[in-house]
Structure formats: C-alpha cells, structure tokens
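Chemist: Let me give you the structure first, and then I'll get to my questions.
The values are calculated or read from the model by the stated rules, or taken from the named source; none is laboratory data. Note that the structure is a prediction, hence the values are computed from the model and not measured. Neighbour counts are summed over all protein chains in view; Cβ atoms, including those assigned to glycine, are modelled from backbone coordinates with ideal geometry.
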Amino acid sequence: MIYTVTTSPSLDLVMQLPNALSVGGTHRACKEELRPGGKGINISIMLHNLGVMSTAFGFVAGFSGDELMRMTAATGVKTGFIRVRRGRTRINVRIKEDNGQKPQQTSINGLGPEVSADDIAYLVRKIAGLTKDDFLVLAGMVPPSLPQDIYSTFFENLKPMAAPKVIVDAPADQFKYVLKYHPFLIKPNLRELSDYLKLELADSQSVLEACHRLQCEGARNILVSLGKHGAIFVDESCNSYRISAPGGQVIDKTGAGDSMIAGFLCDYLTNHSLESAAYMAVATGSATATTVGIASKETVMKLRAQMSDHMDWGEALI
C-alpha cells in the first residue's frame, strides 16, 4: 500500500483574470476553480487516475478542512486525515492573468491550522504501523506550526527491520533532516538541488555530480526534475540517465512534479525497474503540465508511447 503525507494541505482557489493584475485595483475573474491542494494529495490523485490506490494523510481543520476532505474523497482517494481543533486548513489563491504577452501567475498561500503535540503523536503512530511492503511518500513543505524536523520523527519511528520504502519530495531545507535515513527516492527540482549544495548547476554534468554528492549523504535514488527539459535520474547502482520530456505545450505546471512521483511509483510497482519507473515519471509529469489539473491516464499513456517510439534508453552521463 502507498501512503502519502501532506503536512500542510490546502484548498487552492484558482482565478483567471481577462487582463493584467494591477496593484490596488478591483478585478473580476472570468473563470475560477477550487481544487484540493498539497503535494501528497496531488500524488494520491494522480495515483488514483493511474489505477493505483493510496491513502492520503495530513492535518485538516475548520470549514476549509471539511471541504478539502470532501473534495479529496470525491476524487476516489482514500483519506486518513487528522482533524485538529484550532485554525483552519489553509486556502491558497492562484491568480492567473492574461497580460497580452506571456501569461503570469501570482500566488498567495494561507497559514494553515495550529497542530498540537497530541495531533503529531497520532500521525506518528499511524506511520509507525507501516511495513516493508508499503511505500511512504513525505511530500511538501513543513509549515511553521509543526516542528521543522518532523520528517526525521517519522523516519525514527519506523520499524528498523521492516520499514517501508520512503520517498521524499520536499524543499531543500528538509534534506538535512532526511538524507541520513537513506530514503529510497528523493525528487528535487534543479533550484532545490542548487540551493541545498549552494552551487550553480548549469549543465547535465554538474547535475550528475550534485546527485553523487547527495548519494554520499545517504540518498539511494535521485530524480531531478528539469521542467520542460525532462529529468536526470541516478539510481542506487550509479546508473545515470538524461530523460527528455515528450512534446506538448505547457498549460499549467501545478502538480507536474507531484505527478512524477505518482508515475514513478505506478510503474515501479508493475515492472520493478528503476529505469522504467524514471521514464514513466517524466511522461506523467509532462502529461499534467500539458493539461488543466491532474492528468488522466489516457494522456499519460499517450505521452509515454511517444517516448517509447523515440527514446534513448540509457544515455549515460558518465
């Protein structure tokens, strides 16, 4: 079973403006959409779209928490959210504007609820019950209301001889807490990898060297997302691949990185091949980036088939 953890889930209100945003002005949206948000939730939704079941964990509160639980369940995802007493699930506003040139997006993120020590302990107990047959995905930022080393707490409470495979998709400031526990996979983007190592990563060779440094610190497999340029993947046997993204016009990048994790897991569970899983990850991320919302399985498989026709299955970078 796959379990995703989103420590700071949200409701995302996406509003489209017909013209450019002006500071201090009053605007009327021409289109709006409310989505369940948070990296782990996006991963669970994409997994469901691909036909793989998962359970989404996280903290929720208030009326916005009620709506988040309802909307997440409506996607078909099994939920294990923990309801806390104070505050409310954060509401994020995404303002998309048409300025006549390149479309822009302005984001305002909410604060989230207050989480108690008892709430944290309850989630820790849930995670501690996972076994070696499970996958645990720790996804997204840790909000100020939680201990910043909470991911370490999750790792420390896993059974030493029967721990699940753990995947981490989190900002660079979390690497110092998780790498020493040898996560099965980490998925930084180029900026996160650069921020953590305090290096400018301008080409494939520099990214590859950065991945080897992370492996020296404990990471087993590393998938570096490169946006429209695809990804670089380094596995635990030090095999390295540069994977180009399949074609298509980018419409909305929200959830694309999360979809990569879902694609990786879906393929790995079926084929038990790290290499194949990495290619599926890029296809799934590209599918979400080229559609509105989280992509359908049909869109994913169409792009995956394009890669099958034109792929270079092992362009070694070393």
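Chemist: From the list ASP203, ASP169, ASP173, pick out the single residue that is out of contact with any Gly (no Cβ under 9 Å at 6 or more places or on another chain), among the charged types (D, E, K, R) and under 20 Å from VAL282 (Cα atoms).
Modeler: Answer to the selection: ASP203.
Chemist: Further question: Would you be able to say whether some residue in segment 274-289 is in contact with a Lys or Arg (Cβ under 6 Å, 6 or more places away or on another chain), more than 18 Å from LEU190 (Cα to Cα), in the same structural domain as ASN189 (by TED's automatic domain parsing) and surrounded by fewer than 24 Cβ atoms within 10 Å (Cβ to Cβ)?
Modeler: There is no residue in segment 274-289 that is in contact with a Lys or Arg (Cβ under 6 Å, 6 or more places away or on another chain), more than 18 Å from LEU190 (Cα to Cα), in the same structural domain as ASN189 (by TED's automatic domain parsing) and surrounded by fewer than 24 Cβ atoms within 10 Å (Cβ to Cβ).
Chemist: Hey, another quick one. Got a sec? Which of ASP149, ASP134 is charged (D, E, K, R), closer than 21 Å to ILE45 by Cβ, in contact (Cβ under 8 Å) with a residue 24 or more places away in the chain and surrounded by fewer than 20 Cβ atoms within 10 Å (Cβ to Cβ)?
Modeler: Working: ASP149 fails: closer than 21 Å to ILE45 by Cβ.
Answer to the check: ASP134.
Chemist: Another question about this same structure. Can you find even one residue in segment 268-275 that is touching an Asp or Glu at 6+ places or on another chain (Cβ under 9 Å), touching a residue at least 24 places away in the same chain (Cβ under 8 Å) and farther than 12 Å from GLY227 by Cα?
Modeler: yes
Chemist: Let me ask you something else. Go through (1) surrounded by 17 or more Cβ atoms within 10 Å (Cβ to Cβ); (2) in contact with a Phe, Trp or Tyr (Cβ under 6 Å, 6 or more places away or on another chain); (3) under 29 Å from GLY110 (Cβ atoms) for ALA172 and report which single condition fails.
Modeler: (1)
Chemist: When residues of segment 233-267 are filtered for being in a loop (DSSP other than H, G, I, E, B) and either touching a residue at least 12 places away in the same chain (Cβ under 8 Å) or under 18 Å from the mean Cα position of the chain (by Cα) (or both), how many remain?
Modeler: 16
Residue-by-condition table, conditions (1) touching a Ser or Thr at 6+ places or on another chain (Cβ under 9 Å); (2) small (Gly, Ala, Ser); (3) under 24 Å from ALA262 (Cβ atoms):
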{"residue": "GLU97", "(1), (2), (3)": "yes, no, no"}
{"residue": "LEU111", "(1), (2), (3)": "yes, no, no"}
{"residue": "VAL115", "(1), (2), (3)": "yes, no, no"}
{"residue": "LEU136", "(1), (2), (3)": "yes, no, yes"}
{"residue": "LYS159", "(1), (2), (3)": "yes, no, no"}
{"residue": "ALA162", "(1), (2), (3)": "yes, yes, no"}
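Chemist: Something else: Which condition does GLY25 not pass, out of (1) modelled with pLDDT of 95 or more; (2) of a type in the set (Gly, Ala, Ser); (3) farther than 24 Å from ASP252 by Cα, if it passes all the others?
Modeler: Checking GLY25 against (1) modelled with pLDDT of 95 or more; (2) of a type in the set (Gly, Ala, Ser); (3) farther than 24 Å from ASP252 by Cα, the one that fails is (1).
Chemist: Looking only at segment 152-203, filter to residues that are of a type in the set (Lys, Arg) and free of Cβ contacts under 8 Å to residues at least 40 places away in the same chain; which one of those is nearest to GLU275 (Cα to Cα)?
Modeler: LYS165
Chemist: Right, another one. Only one of (1) polar (S, T, N, Q); (2) out of contact with any Gly (no Cβ under 9 Å at 6 or more places or on another chain); (3) closer than 26 Å to PRO188 by Cβ is not met by SER116, so which one is it?
Modeler: Condition (3) is where SER116 drops out.
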